[in-house]
Structure formats: structure tokens, C-alpha cells
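To start, the structure itself, in C-alpha cells.
The values are calculated or read from the model by the stated rules, or taken from the named source; none is laboratory data. Note that the structure is a prediction, hence the values are computed from the model and not measured. No Cβ is skipped: glycine too gets one built from the backbone with ideal geometry, and neighbour counts run over all protein chains shown. Each accessible area value is taken on the protein alone, full model and side chains, heavy atoms only, with ligands, DNA and RNA left out. Shrake-Rupley method; radii C 1.70, N 1.55, O 1.52, S 1.80 Å.
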Amino acid sequence: MPINSYQDLTEKIIKKAIPLECLFELTYKCNLKCIHCYIIRQRKKELDTKEVYSILKQLKEAGCIYLTLSGGEVFLRKDFFTIAAYIRKFNFAVSILSNGTLIDEKIVGIIETLHPISVEVSLYGLKDTHEKITRVKGSFDNTIKAIRLLIKKGIRVIVKTTLMRQNAADLPRLYRFVKGKGYAERKGRLSVEGGAFISPRANKETTPLNYRADNQQIKDYMKQIIGMRGDFNKLPKPSEPKENDIFCAAGLTKCAISAYGQLNPCVQIRLKGNNDLRQNTFIEIWKDNEEINKMRALHFKDRVDCRGCSLVSYCFFCPAIALLERGSLTAMLPEFCRQAKIKKEIYENIYK
């Protein structure tokens, strides 16, 4: 069938379950100790250089275009430069997630050769707040230095932050600080993004949930984010999903690969087994894994507890967080409802 439109292309990609996007966790080693981190290191051997090469080659053959390199902290891999040189052979559209503390002139030069879409750098507040969250002194100054080096080279930087009780008061000042201190010398090279969801750790341990912001903090944060988009009156109203809408792109057009060589639908949905890339090829697991295929078959109508809910248009539903907290990909989660109520109130005031 000929492809006549973007919609045709999208439908074909979904029908064939082509893994367009992959987040590759190259290591779980990290030089920070962030209080909300979801990663649990295990006593397993991480992928060696040749194993990474093999997986990258298989990703390209499977149709992957967008490759995100993540950790831990990616620059703690001693072979990162070697891997970067190998990545260039495949012309992936590369993004890098980093805390920025190890980025110096040499590393920026290597990053530049990858022609990345962006480097996403974590920043959780101004100096005192940031370092209370990372629990490492000097981490703020090192991250700011990295942002400046990257922008100087013309590399797009996305400052990523997470709303928490600990930093809610700091975030408006953080946005102004990043935007107003001369770090955005080149238009379009710097942006700030954030989210209000904190998930349990990968082993379902729930300590990070204690850091979730309260209702007023979330409300203030959402107003700020919406306000940054421009005129309130021009904002599109949230639309209600249809029964046959795709449940989630994870396991369909997106995937994740762990530092131990496990293929998963995303970084927070860890499969129970039969997903080891040291034992099977990417395509074998991607096509035949029972858990992945079950997830692909899910649609909005399978969220039985949420059908008919007045908040559904405002709900940021993540099956991975539902699975970690409630044990089911389709479970209704009180945290989703709490934030959806706040978002609905804000939008209703906009459209009065």
C-alpha cells in the first residue's frame, strides 16, 4: 500500500511495531546520589564494548532512528568515546542524558562529533537546593559549567528538572536563572523542561514517593508551565482519548535497553524474563516476547476503572508508574487523579 501522508506512515510504523526510539542505559554507575533516583544497581556484569556494538547494529537493522544514551552517568563509561565513534557509523539521531558534572572541553568535542539533537542535563534547583537533592557538593557549579560549554559549541541543551517538595519554591527562580544569566547566547539552544511525577524505584521501593509535591506546589508549578507557553486563551483544550487509542508507545514504537543487556518496553517496565540480549537477538525478543505482545494489544478501553471519568482528558496516565505502584499496567492510580483534578481546575479557570 502506498504511503500518501504522515498519518499513513504512522499507521504503518505502528502496525509493524517498528522500534523507532530506543533509550539505551549504558551504565548504572553514577557520581551523584539523587534522593529520588529510580535505579537499583544489581550484582550483574554490565555490557562490554563489543556487546554494545552488537546491540547498536541490531537496533539499526530493526529500524531504530532515535537513540538516547543514558545512565547512571554515561560519561563514567571508560569506553564512551569508542562507543560514540561506532554510533556515528549508523547515523542515529542521538540525544544524551547526563548530570553534566563530568562534561569538560574534551567531552564536549566528542559530543559535537555525534551532532546530537540535544544533551539533556539534570538541574533540580539553585545551588543549595540542587546539592541537597544530589547529595554531592560542587555538583551545581559543575553542571552549570557544562551547560555553558555545550551552548558555546552550538549544541542544544535541555535543562531537565523534577518537581519535588524540596525544590518547588526554587523552580521559578531556576527558570529565570538559566534563561537570564547569559547561558542562552544562541537563540533556540537552551530550554527548560520538567515534570511533576515521581515514580517508585525499579524494585518497587517507594521512598521517592515521599518527595512528591503537595497540591498547592503542583498547582503553582502547572500555572507556571502553562504560562510559559504564551497566551492562555490560545491554549488548546485537552481532548478525551478514544476507546481504541493506543495505550502506550512503549513496546510498540519505543523500547529501552538496560546496562545488563535486557530489552524492555521502557526504563520503568522491567520484563520478568526472556528479554536477555546476550541470549537472543533483538528481533527475536521484540517480536516474540509474550509480555511485550500483551502490552501492544492494550488500548484506552482496557483502562476499565478510568472509563467515563470526568478527569480523563486532563490525566497524564503512565502504565509504568501504575505497574510499579499498583501491580497492573491498567490500574487507576490516585496520584494521576490528584494531579488531573488540579490541571482541570486550572484549565476551567482559563476557559471561563
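Any chance region 12-26 includes a residue that's open to solvent by less than 20 Å² (accessible area, probe 1.4 Å) and touching a Pro at 6+ places or on another chain (Cβ under 8 Å)? No, region 12-26 contains no residue that is open to solvent by less than 20 Å² (accessible area, probe 1.4 Å) and touching a Pro at 6+ places or on another chain (Cβ under 8 Å). Residues that are among the aliphatic types (A, V, I, L, M) and either in a loop (DSSP other than H, G, I, E, B) or touching a residue at least 24 places away in the same chain (Cβ under 8 Å) (or both) within region 1-39 comprise Met1, Ile3, Ile13, Ile14, Ala17, Ile18, Leu20, Leu23, Leu26, Leu32, Ile35, Ile39, listed in sequence order. Kindly establish whether Glu105 is open to solvent by 80 Å² or more (accessible area, probe 1.4 Å) and either more than 22 Å from Gly251 (Cβ to Cβ) or of a type outside the set (A, V, I, L, M, F, W, C) (or both). In short, yes.
Checking region 171-191 against the condition returns no match, with no residue being touching a Ser or Thr at 6+ places or on another chain (Cβ under 7 Å), open to solvent by 20 Å² or more (accessible area, probe 1.4 Å) and in contact (Cβ under 8 Å) with a residue 12 or more places away in the chain. In region 135-164, the residues that are on the phi > 0 side of the Ramachandran plot form Cβ pairs under 9 Å with partners that are in a loop (DSSP other than H, G, I, E, B) and open to solvent by 10 Å² or more (accessible area, probe 1.4 Å), at six or more places apart or across chains, as follows: Arg135/Leu32; Arg135/Lys33; Arg135/Cys34; Arg135/Ile35; Gly138/Thr101; Gly154/Arg186; Gly154/Arg189. If I go through region 115-131 residue by residue, how many of them are touching a strand residue (DSSP E or B) at 6+ places or on another chain (Cβ under 7 Å) and open to solvent by 10 Å² or more (accessible area, probe 1.4 Å)? Matching residues across region 115-131 total 5. The one condition from (1) outside any loop (DSSP other than H, G, I, E, B); (2) under 20 Å from Asn31 (Cβ atoms); (3) of a type in the set (Phe, Trp, Tyr) that Phe177 does not meet is (2).
Candidates are the residues of region 300-333 that are open to solvent by 80 Å² or more (accessible area, probe 1.4 Å) and within 16 Å of Phe197 (Cβ to Cβ); the one that is modelled with the highest pLDDT is Arg326.
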